[in-house]
Each structure stands twice: as structure tokens, then as C-alpha cells.
Amino acid sequence: MFSTTTVPANSKLSQLDDCAIAQLSPAALGLMASFFKVLSEASRLQIVCVLQTGSKNVTEIIEATGLGQANVSKHLKMLTQAGIVSRQPQGVSVYYQIANPFVFDLCKLVCDALSVQFEQQSQHLEQLGVLQQVN
């Protein structure tokens, strides 16, 4: 989906041409944005994390997250509609599991990027602290 071709840093037009996302139609970009929107809520990310260890029913998800039943049900519906989670009826219960495990790769990429960003911010703050001590 994403191009990994390297281009000169000063060649923004070349970067845009090589980017597979830039080739998508507005409708396809809208679908992509909707997918990311589903993952943009902390409670849904909590549910996704709980399901990383395997399928669970609503009661187990509630116990693991501390979220209310109505809230969990609402979020599970959104996650299911987005294709991130699937549901499997078993007797009188419904069990939910991750439908697309790549979501964990995506989360790891974001966490890694945030870690680098926070490290850079920390270094900048240290530099400011040194500057304040000098003055």
C-alpha cells in the first residue's frame, strides 16, 4: 500500500509521484480516513488491546477495560463495521476477536514514532534547561 522507494529529500514532486496514497481516489482516501477515525478513540484502542490475547465476550471485555456495557457494545459495533473485529456467536454469548491482526503492526509503528518524537522533545527540553542555567 505504501511506497518504500527512496528519493532525494529536495524532490517533493518525486515523493508525491512515488507515494501510492497520492494515487488513490478521493473516495478511497475517505475510506482510509474512516478506518483511522475508528482507531482514533482511546476506548476502542483499549478493546483492541484486550482482544490481542484472544477472543472474548462482552462481559470479559467489560471486566478487562472497566468500561460500561453500553459503551463497550457501541465501540464493538464500530470496530466490527470497520472490519477490525469480527464476532462469533457461541451458544448464548457472542465472542469478539481481531479480524485484521495488522492493526497491531500499525499500533506498534505509531508507538515507535511517538517514542522517537518524545525523545526528541525531551532532548530539546534538556537543551532549554541548560540554556536557562547559563543565563
Among Val94, Val134, Val110, which is more than 17 Å from Leu39 (Cα to Cα) and either at pLDDT 90 or above or surrounded by 10 or more Cβ atoms within 10 Å (Cβ to Cβ) (or both)?
Val94
Close pairs from the stretch 24-35: first outside the structural domain of Gly83 (by TED's automatic domain parsing) and under 15 Å from Ala82 (Cβ atoms), partner at pLDDT below 90 and assigned to a helix (DSSP H, G or I), Cβ under 8 Å, at least 6 apart:
Met32/Ile21
Do we have any residue at all in the stretch 47-69 that's modelled with pLDDT of 95 or more, in a loop (DSSP other than H, G, I, E, B) and of a type in the set (A, V, I, L, M, F, W, C)?
yes
Residue that is farthest from the chain's Cα centre (by Cα) [pool: residues in the stretch 1-28 that are assigned to a helix (DSSP H, G or I) and either at pLDDT 90 or above or surrounded by fewer than 10 Cβ atoms within 10 Å (Cβ to Cβ) (or both)]
Leu13
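The values are calculated or read from the model by the stated rules, or taken from the named source; none is laboratory data. Keep in mind the model is a prediction, meaning the values are calculated, not measured. Every residue, glycine among them, receives a Cβ derived from its backbone with ideal geometry; neighbour counts consider all protein chains shown.
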